[in-house]
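To start, the structure under review is shown below, and the notes come after it.
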Amino acid sequence: MNYQKFDAPLSMALKDVQNTDEPSLQVFIHTKPVSNAETATLENLGVSGVTSGKDVFTATLSPNAISQLSEQPWVQHVKLSQTLHLANQGYGMKRVRF
């Protein structure tokens with residue numbers, strides 16, 4: 001597993017996973033432009049919607065699949081998807097008065 005290709009949240013999440021074969025981590029996969037062979041590799045690991053010419057993919061993958069992807073030279077980095085909160089929901093937003 002090439003941890004240099006992971007962001008910090010993904011590295012931490014990988015340590016907490018119990019079943020390394022279960023697709024449980026939502027990730028962004030940043031690649032160089034992919035060829036047909038690389039497209040097949042992505043699809044075999046569980047990435048759907050893969051088309052040539054794209055260089056960012058999203059998927060819910062197992063730690064084993066993420067490990068395999070990290071060893072591919074055409075994968076630049078893999079980031080854990082974060083839950084976003086709307087600003088008007090009050091999460092971490094301060095009121096500004098003018």
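The values are calculated or read from the model by the stated rules, or taken from the named source; none is laboratory data. This one's a predicted model, so the numbers in the text were calculated from it and none came from an experiment. A quick note on method: Cβ atoms are made from the backbone with ideal geometry, for glycine too, and the neighbour counts reach across all protein chains shown.
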| request: Could you please tell me which pairs satisfy a Cβ distance under 9 Å, a separation of 6+ or placement on different chains, a first residue in the stretch 32-45 that is of a type in the set (Lys, Arg), and a second residue that is part of a loop (DSSP other than H, G, I, E, B)? | output: Lys32/Asp55; Lys32/Pro73; Lys32/Trp74
| query | If you take the residues of the stretch 1-41 that are under 14 Å from Trp74 (Cα atoms), of a type in the set (A, V, I, L, M) and at pLDDT 90 or above, which of them is surrounded by the fewest Cβ atoms within 10 Å (Cβ to Cβ)? | reply | Ala40
| field | Residue list for the stretch 42-56, restricted to those being within 22 Å of Val17 (Cα to Cα) and buried (at least 16 other Cβ atoms within 10 Å of the Cβ) | value | Leu42, Leu45, Val47
| query | Can you name every residue in the stretch 35-68 that is under 18 Å from Ala13 (Cβ atoms), of a type outside the set (Ser, Thr, Tyr) and assigned to a helix (DSSP H, G or I)? | reply | Pro63, Asn64, Ala65, Ile66, Gln68
| request: Identify, by number, the condition in (1) farther than 14 Å from Phe6 by Cα; (2) of a type in the set (A, V, I, L, M); (3) modelled with pLDDT of 95 or more that Leu86 doesn't meet. | output: (3)
